[in-house]
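Please treat every number below as a calculation from the coordinates, not as lab data. Not measured: the values here are computed from a predicted model. Backbone-built Cβ (ideal geometry, glycine too); neighbour counts: all protein chains shown.
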Amino acid sequence: TQPFKVAIALFGATGDLSRRKLLPSIFHLFQEGSLKDDFALIAVGRRDMEDADFREVARNSISDNDKLESLEGLETFLQHIHYVKVSVTDSASYAALKEKFDSVEKMYDTAGNRLFYLAMPPQFFTAITDSLRISGVTETKGYKKLIIEKPFGKDYESAHRLNEDISKSFREHEIFRIDHYLGKEMVQNIEVIRFSNSLFEPLWNNHYVSNVQITSSESLGVLDRGEYYERSGAVRDMFQNHMLQIVSLLGMEPPISLNSDDIREEKIKVLKSLRKVEKKDINKYFVRGQYDEGTAEGEDVPGYREEEDVNSASNTPTFIAARLFIDNFRWAGVPFYVRTGKRMRNKETKIVVEFKEVPKNLYYQNNADDVLAKNLLVIRIQPNESITLHLNVKDHAGEQDTKEIKLSYSVDNQDLSRTVDAYENLIYDCLDGDATNFTHYEELMNAWSFVDPINEVWEKDIAPFPNYRSGSDGPVKSNLLLSKDGFKWWNV
Ligand code: BG6
């Protein structure tokens, strides 16, 4: 394929996300040839900097990235980067950005295509998109596109308002709302596993699946993002977006095609079918937690309330476990358990699909209940990428009739090094005009309307925090959520 012709304006270019993920991802697209001569990166920042200063920032962050196999082409790439100082809330200062676009468009044949990437705190989204319009930066002979980071609003109302604001400058097909989980290879694989194998689809329903579990645990704490996290918490930071996206991919009906509208239509139906929980029942379906001090990766770490920029009596959850029901024909009665938290035992994202037992066990098992091992399908998203199927076979030497075996496929290192990061996939898709792996407005609004009551109840009601130690599996109550239904979290 031809390299993309485009000028990318990166807002928040000196920020953490840009340095850790975006610059290395854009560089790798350049290395791979998706971006080439007809490309410019305009780094937008509020500091006084020369091109050379910013190129040094970019050089360092790219050299520090351990996923890149080589730095070949780095110096040429850096020559495509131009820095411009903009005070994002001062619309007059966008004249400099307009000039910068004009000048890079004379240097490279970018066809007037402009991509604006907002790696900025959300309070600036409206000001930036307004100013881009008012100052005429969005008037271009090529396309204009906007990539916008989460959080997109903090609830249904604010997301709706934000969207109205942004829509003054960009149309829905020009807006790419990032959910970086949708750029992860194994998240994208859910659909392929489901819809390219005749093996699973007949079983993928309430006749054969007893429950589905999604775990996304992190060993890190909030790091230096206390200010953001205090307002967000685990519900808005991970659950409303990444977790519900995974639920909808697992739960959706087969789309009529892989066209992005067809896929979204099915995902939206799942979000709409999620059982709405009344406020009085929130604590029956959801468990919240906040980490206390403890150990993470061998080190003593402080509790959440002791972190920088965090209220010492904070009521913000750093953990949520949920018991969801998709009330449609396929899934009626099958619980989807979801948990995500910071400062847990390890960094791991995985899906476990637990199948129902055979109608009658014919085999002797040397365990308390004489039960067969459960059939599980385990999809590991990170840190390792694998798919494992747990089955029973004859136990040749043992004392029981059957034993459990695991059929496993691991993505090998060669595959892994194809992309630097989920962000690389997503930036590529955006340049390519493929919106499948971005959050559509309707998905977003359905997700907010589902989570709003949880936040409303939990924000009013003071929790007995902290309630789990750093380095643990989260609050004990999250186990009860499953044990009440006769299940347990699979630590497989
Ligand atoms: C981000 C959250 O969206 O996802 C962070 O804001 C979280 O709090 C991160 O740490 C986790 O992403 P990943 O790719 O490391 O699982």
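The value given for segment 1-133 is a Kirkwood hydrodynamic radius of 14.9 Å, derived from the mean inverse Cα-Cα separation.
Segment 11-54 and segment 73-100 have Cα centres lying 10 Å from one another.
Straight-line cross-link reach from Lys477 at under 18 Å between alpha-carbon atoms covers these aspartates and glutamates, not counting any fewer than eight positions away in the same chain: Asp281, Asp292, Asp461, Asp485. Between the residues Ser410, Asn446, Ile462, the greatest Cα displacement towards the positive end of the dipole of segment 401-482, with unit charges on the Cβ of Lys, Arg, Asp and Glu, is found for Ile462. Legend: ranking of residues Asp370, Asp401 from fewest to most surrounding C-beta atoms inside 10 Å; resulting order Asp370, Asp401. Remark: spin-label model distance Asp224-Lys347 equals 1.8 nm, labels positioned 7 Å along the Cα→Cβ axis.
State the Cα centre-to-centre distance between segment 210-281 and segment 129-203 in whole Å. Spelled out, the Cα-based centre of one part sits 15 Å from the other. Computed from the alpha carbon atoms alone, the convex hull of segment 198-356 holds 142 Å³ per residue. Rounded to two decimal places and with Rh computed the Kirkwood way over Cα pairs, what is Rg over Rh for segment 287-355? Over the Cα atoms of segment 287-355, Rg/Rh equals 1.12.
Simple point charges give the picture: +1 on the Cβ of Lys and Arg, -1 on the Cβ of Asp and Glu, and for segment 335-492 a dipole about the Cα centre of about 760 debye. Pairs of Cα atoms nearer than 8 Å and 6+ residues apart set the relative contact order; for the chain it is 17 percent. The calculated Kirkwood hydrodynamic radius for segment 41-114 is 13.6 Å, given to one decimal from all distinct C-alpha pairs. Each of Val334, Asn65, Asn259 was placed along the dipole of the chain (beta-carbon charges, centred on the mean Cα), and the one lying farthest toward the positive end is Val334. Within segment 313-412, all pairs of alpha-carbon atoms sorted by distance into 10 Å bins from zero give the percentages 12, 30, 32, 21, 5, 1. Across segment 182-332, C-alpha contacts under 8 Å between residues 6 or more apart give a mean separation that, scaled by the residue count, equals a relative contact order of 29 percent. Computed over all pairs of different Cα atoms, the Kirkwood value for the hydrodynamic radius of segment 127-190 is 13.3 Å. When His173, His28, His396 are sorted by how many other C-beta atoms sit within 10 angstrom of their C-beta, beginning with the fewest, the order is His396, His173, His28.
Treating each Cα of the chain as an identical point scatterer and summing with the Debye formula, the log10 of I(q)/I(0) at q = 0.06, 0.07, 0.10, 0.14 Å⁻¹ comes to -0.30, -0.41, -0.83, -1.49. Close lysine pairs were tallied over segment 144-275: pairs 8 or more places apart or on different chains with Cα atoms under 25 Å apart number 18. If only the Cβ of Lys and Arg carry +1 and only the Cβ of Asp and Glu carry -1, the dipole of the chain around its Cα centre is close to 1160 debye.
Could you please state, rounded to a whole Å, how far the C-alpha centre of segment 365-396 is from the C-alpha centre of segment 426-492? Taking the Cα centre of each part, segment 365-396 and segment 426-492 sit 26 Å apart. For segment 162-239, the calculated P(r) over all alpha carbon pairs, in 5 Å bins from 0 to the bin holding the longest distance, is 3, 9, 12, 15, 15, 15, 13, 10, 7, 1 percent.
Eigen-decomposition of the gyration tensor built on the alpha-carbon atoms of segment 336-492 gives equivalent ellipsoid semi-axes of 35, 26, 16 angstrom, largest listed first.
Dipole of segment 162-304 computed with +1 at Lys/Arg Cβ and -1 at Asp/Glu Cβ about the Cα centre; of Asn241, Leu182, Trp204, farthest Cα towards the positive end is Trp204.
When each of the peptides 482-489, 463-470 is scored by the mean number of other C-beta atoms lying within 10 Å of its residues, the order from highest to lowest reads 463-470, 482-489.
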